[in-house]
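The values are calculated or read from the model by the stated rules, or taken from the named source; none is laboratory data. Predicted model only: the values in this text are computed from it and were never measured. No Cβ is skipped: glycine too gets one built from the backbone with ideal geometry, and neighbour counts run over all protein chains shown.
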Amino acid sequence: MIAGLKACTYGRIVIIASIAGKEGNPYASFYAAPRAGVGSITIPFGKEPDGYDIAVNYLMPTAARPAIIGQMIQEHIDYMLPKIPRNQFVGFPEKGIHSSVVLAKALG
């Protein structure tokens, strides 16, 4: 992917991970671990196009309501909600896609 963008000398990559990878919610270590990996790999991945006008960023949306929420126990929901800005679960994909587009445009 980077090689193709280097050939164009320009590009924007927006990787979508999950806030669970940063926060590490209880009862969901199996979910949080790979999301943490996505976030962690983005940092060195973003350094690969050094010297080119290529940006690599990632978003960490919160849990989606109702898709994931319906699979969680109330104790897990009660733990997560106060950690989320505005105490709102994201309406992903609508809000997540919009955020991705805004980020990519802001990067130039």
Tell me, please, whether a residue that is without any contact (Cβ under 8 Å) to a residue 24 or more places away in the chain and of a type in the set (S, T, N, Q) can be found in the range 19-33. yes
Yes or no: Ile41 of a type outside the set (Asp, Glu) and free of Cβ contacts under 8 Å to residues at least 12 places away in the same chain? yes
Would you check which residues across the range 7-18 are surrounded by fewer than 16 Cβ atoms within 10 Å (Cβ to Cβ) and in contact (Cβ under 8 Å) with a residue 12 or more places away in the chain and list them? Thr9, Tyr10
Note on the range 34-48: residues buried (at least 16 other Cβ atoms within 10 Å of the Cβ), farther than 14 Å from Val14 by Cα and not charged (D, E, K, R) are Ala36
State the number of residues belonging to the range 1-22 that are basic (Lys, Arg) and at pLDDT 85 or above. 2
So which residues in the range 10-57 are assigned to a helix (DSSP H, G or I) and in contact with a strand residue (DSSP E or B) (Cβ under 8 Å, 6 or more places away or on another chain), if there are any at all? Val38, Gly39, Thr42, Phe45, Gly46
